[in-house]
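In what follows, a single structure is set out as structure tokens and then discussed.
Readers should treat all values here as calculations from the given coordinates under stated rules, not as data from a laboratory. Since this is a predicted model, take the numbers as computed values, not measurements. Neighbour counts run over all protein chains shown; Cβ positions are idealised from the backbone, glycine included.
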Amino acid sequence: EISKAACAEGKTIGETAVERGCFSPEEIEAIFQPRELTRPGIAGFKKVKRDKEG
């Protein structure tokens, strides 16, 4: 849904996810780091989980 909306609106997935309130800009930055995207597992999971836990 987010990727379809981003494509239709000519925006990035990150911009669309932030606008819809799915993630904060900081979370998107952590998730879309090249290192996070190329390692096994869920991109940005540890950072996002740690930040939400306090």
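Key figures for this structure:
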| read-out | value |
| --- | --- |
| The chain, dipole about Cα centre (Lys/Arg Cβ +1, Asp/Glu Cβ -1), debye to the nearest 20 | 300 |
| Set of aspartates and glutamates near K4 by C-alpha distance (under 18 Å), chain-local residues within fewer than 8 positions excluded | E15, E19 |
| Furthest towards positive pole of dipole, A43, I28, S3, structure part the chain, Cβ charges | A43 |
| Range of Cα positions in the chain per principal axis (Å), largest first | 32, 25, 15 |
| The stretch 24-39 - phi-based ³J(HN,Hα) in whole Hz, Karplus 6.51/-1.76/1.60, Gly and Pro as x | 7, x, 5, 5, 4, 4, 5, 5, 8, 5, x, 4, 5, 6, 9, 9 |
| Fewest-first sequence of T12, T38 by Cβ atoms within 10 Å of each Cβ | T38, T12 |
| Distance in nm between pseudo-label sites at F45 and E9 (7 Å out along the Cβ direction from Cα) | 2.8 |
